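The values are calculated or read from the model by the stated rules, or taken from the named source; none is laboratory data. This structure is a prediction, so every number in the text was calculated from the model and none was measured. Here Cβ is always computed from backbone atoms with ideal geometry, including for glycine, and neighbour counts include all displayed protein chains. To get the accessible areas, we keep the full protein, side chains included, count just its heavy atoms, and leave off ligands, DNA and RNA. Shrake-Rupley method; radii C 1.70, N 1.55, O 1.52, S 1.80 Å.
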Amino acid sequence: MKKAVGFIALFILFAGLSSMSSYAQEEAPARFIVFEDFVSPSDMPAYWEAQTEACELWAKHKLDIPVYAYLNDENVFYWVIPIKNFASIDDLYAKFMGLHQAMIDEDDFNADEAFADLYTGRQSVIQWDKELSYHAAKTGEEQPDKPFAEWMFCQVRAGHEQDFDAAIKAYVDYYKNIGSDYEWDVYKTLLGPDTPTYIIMVRAEDEVAMRTIEKELNDKYKDDFEELWQQFSKQLRSYETKKGWFLPKLSNMPAD
């Protein structure tokens, strides 16, 4: 989808997903809609300016929907919104439609015009997997003290999902056994390109801190890690790694 309304280009996607509200009605584990905006370097200043204004208007209109913003090192923004299930997208759609119109009527801010030709977007729906994620302490909390992020996008060979789950679980068990405080989250793509895709996300204060702890672990457990990697990698069709940052100023985190 091109143009539309920057991050608020939710409308076409929501209209499509709303028709799926009979699917997955049960209360689900943490699910998210993720909007990816691909921005060219030359358009980055204009995109950033438009999105900053939009975020200020979210605050003015007291948007009560959490939105977590990230930027990777290839000028791709990730806008992550939690959902309960597919049926809840109807309410989400209605709220953003109302917000979009209010911003036009009250603030003379038309997101269609502000974001025209500034990005190309795509969307996916992902689900956090508690059993495959590893946290030494707290879980499921945003970590503003760890703004650096690294994502490993794993395209799994068709039919190998259970074997891949087992390979990640072996890592979880190993890290529990050694008492490591190196943590990660695993998300599975429910709807989106290149399914089945798993996303493994690691957070740190900065890249130096992440690389330092990884080197320490590898120096100490290199042989075991090589064995774990062999079981992990043979389930993959391909993978790629992206680096980026959490953007608290562009995120919307309403008070409870």
In the set S124, S88, the lone residue that is part of a helix (DSSP H, G or I) and under 19 Å from the mean Cα position of the chain (by Cα) is S88
Might you check whether a residue that is at pLDDT 50 or above and either open to solvent by 20 Å² or more (accessible area, probe 1.4 Å) or within 27 Å of D107 (Cβ to Cβ) (or both) occurs anywhere in the range 8-28? no
Inter-residue pairs, beta-carbon under 7 Å, first farther than 12 Å from L57 by Cα and among the charged types (D, E, K, R) and in the range 85-110, second surrounded by 14 or more Cβ atoms within 10 Å (Cβ to Cβ) and at pLDDT below 85, 6+ apart: D90/S18; D90/S21
Going through (1) at negative phi; (2) surrounded by fewer than 16 Cβ atoms within 10 Å (Cβ to Cβ) one by one, G179 fails only at (1)
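Residues checked against (1) charged (D, E, K, R); (2) surrounded by fewer than 15 Cβ atoms within 10 Å (Cβ to Cβ):
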residue	(1), (2)
T197	no, no
A209	no, yes
K215	yes, yes
K220	yes, yes
E227	yes, yes
E240	yes, yes
Please tell me if E141 is at pLDDT below 95, open to solvent by 80 Å² or more (accessible area, probe 1.4 Å) and under 30 Å from N177 (Cα atoms). yes
For the range 101-117, what are the residues that are open to solvent by 20 Å² or more (accessible area, probe 1.4 Å) and either part of a loop (DSSP other than H, G, I, E, B) or of a type outside the set (A, V, I, L, M) (or both)? Q101, D105, E106, D107, D108, N110, D112, E113, A116, D117
How about the range 119-137: which of its residues are within 17 Å of I33 (Cα to Cα) and open to solvent by 60 Å² or more (accessible area, probe 1.4 Å)? T120, R122
Just to be sure, is W245 open to solvent by 70 Å² or more (accessible area, probe 1.4 Å), at pLDDT 95 or above, part of a strand (DSSP E or B) and among the hydrophobic types (A, V, I, L, M, F, W, C)? yes
Of the residues in the range 82-107, those that are at pLDDT 90 or above and in contact with a Leu (Cβ under 6 Å, 6 or more places away or on another chain) come to M103, D107
Looking at this structure, is D43 part of a helix (DSSP H, G or I), open to solvent by 70 Å² or more (accessible area, probe 1.4 Å) and farther than 18 Å from S251 by Cβ? no
